[in-house]
Every structure is written in structure tokens, then in C-alpha cells.
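Everything below concerns the one structure shown next.
The values are calculated or read from the model by the stated rules, or taken from the named source; none is laboratory data. Just so it is clear, the model here is predicted, and its values are computed rather than measured. Here Cβ is always computed from backbone atoms with ideal geometry, including for glycine, and neighbour counts include all displayed protein chains. The accessibility values were calculated without ligands, DNA or RNA, using every heavy atom of the protein model including side chains. Shrake-Rupley method; radii C 1.70, N 1.55, O 1.52, S 1.80 Å.
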Amino acid sequence: MFGKRVGGFKRRATEIITGELAVAPELIPIFEALMHARSEILARIAALDGKIRAVAKQHGTVRLLMTAPGVGPITAMAVTAAFDDAERFNRSSSAGAYLGLTPRRYESGEISRNGRISKSGDRFARKCLYEAANAILSRKLGVPRLREWAQAIAGRTGPRKAKVALARKLAVTLHAMWRTNTTFREAAMADPNPKQYAELKRDRTRPAGTLSEGEIVPASAARTAHTT
């Protein structure tokens, strides 16, 4: 009904209430009440968002994880709560499986194939990482090499699987960042070598997005990326 016009929802709604509803004045109070309720909801959301950001600023690990692209305070806190302890895994590559972002393995006789992701572990953290991956791909955050890595996967298997692979890579990287106390560096996540993409596809035993901890640099030398 409101359509799309430069200026956003509020401007278009105001135009309708003050102009187009002149032919039905009995509807004006109803729409004004709806707009008032919307304003109150947005104000409460903004207040809660401010409180969440204030809590995030007080937690060193959350601030550290927020240096990764697409990772805001909610995602950072969800991942921190899900992992609980940086020493939970001997290898960061286990983080993706812990959050259910690795495919199930089906083997029977000569048949050996990957199925859907297991979806085990913390559902909310998994959802947050998927949304972060979606933001990197759709909103074009300042991480071109990482986005190109995911787009290469999308070209072969589709955008949905590419987002899952990117979410898994984020989980692995966030754990490595926490365990080594290092900020994000894009080069540590995106591998520009196309041959390794094929190797990841063939190697069904290693989750896509495996990250060696040696690729993470100390915080003093790292380049902090913009976050959302």
C-alpha cells in the first residue's frame, strides 16, 4: 500500500495520511495510531540496541570478535556464549562442526556422499553467523576477497550453500581470533587460489573454511576491518 519512494516508509506514510486519505477521513485516526505505535516500537528497539552495545564494550572477547566483517555485538556475544571457552577445541577447524555448520556424512557400501548440515549445537549462534555471511554477500561489506571466495562457491553450488560455507569460515576464524587474541585480517580468511577451491570440494573430510592459526597476526600488527 505504501509503496517505495525516496525518503523511506515514514515519509510515504505521512504523504498518504495527509493527502490520499482525504477521501476517507474516518481512516486517518487509525493510521495515525499505527504510526505512533510504530514509532514507540522503534524507540524501544533503539534503547535495547544501545544497552546491548554498552554490554559489548565491557567484554574484551566480544570487542575482539566484532573486528570481523558482518559481526556485530549480538553475533559476537552469541558466538562467545556458544563456545564458552577458547580452549574448548584443540583446533579451530572444529568450531564449524560444533555449531552444526558441517554436512552430515552418508556411507553405505560404495556410496559415500555429503548430506545437509547437521544443525547441531547452538541454533541462535548458527543463525547469527548465517546472517553475518548474508550481510557480507548482499551488502558488499569492505571485504572483497572474502566475498569473491563465497561468490566462487555460489557459482558452483548456489548462494544458499555459499552462505553456509561462509558462516562456517566465520565460525572457524572467530575461534582462532579468540584463541590467539588477535583481531581480524581479511587475508587470513580469503584464499585467492582457485585450485584450493577444488581441493576443498573434493576433500569431504575437511570442513570448508579450515583456517590455520599461523595465518592470524598479532593484534598490534593487524588491520581492523569495518563492522556492522
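Of note:
- One residue from Leu137, Leu129 being under 17 Å from Ala81 (Cβ atoms), open to solvent by less than 80 Å² (accessible area, probe 1.4 Å), of a type in the set (A, V, I, L, M) and under 11 Å from the mean Cα position of the chain (by Cα): Leu129
- Of all the listed residues (Leu27, Leu42), the sole one being open to solvent by less than 70 Å² (accessible area, probe 1.4 Å) and not in a loop (DSSP other than H, G, I, E, B) is Leu27.
- Which numbered condition Leu21 misses (of (1) of a type outside the set (Lys, Arg); (2) open to solvent by less than 20 Å² (accessible area, probe 1.4 Å); (3) farther than 27 Å from Pro144 by Cβ; (4) not in a helix (DSSP H, G or I)): (4)
- Members of the stretch 129-161 that are hydrophobic (A, V, I, L, M, F, W, C) and within 15 Å of Gly72 (Cβ to Cβ): Leu129, Ala132, Ala133, Ala135, Ile136, Leu141, Val143
- Of the residues Arg123, Arg116, Arg147, Arg104, the single one that is open to solvent by less than 80 Å² (accessible area, probe 1.4 Å), farther than 18 Å from Val62 by Cα and charged (D, E, K, R) is Arg147.
- The residue list Thr183, Thr224, Thr228 contains one member that is more than 17 Å from Ser94 (Cα to Cα), at pLDDT 50 or above and assigned to a loop (DSSP other than H, G, I, E, B), which is Thr183.
- When residues in the stretch 48-85 are screened for being outside any helix (DSSP H, G or I), open to solvent by 30 Å² or more (accessible area, probe 1.4 Å) and touching a residue at least 12 places away in the same chain (Cβ under 8 Å), 2 of them pass.
- Residue that is modelled with the highest pLDDT, among those in the stretch 58-115 that are more than 23 Å from Arg185 (Cα to Cα) and β-branched (Val, Ile, Thr): Thr102
- Complete set of residues in the stretch 86-101 that are free of Cβ contacts under 8 Å to residues at least 60 places away in the same chain and crowded, with 22+ Cβ neighbours inside 10 Å: none
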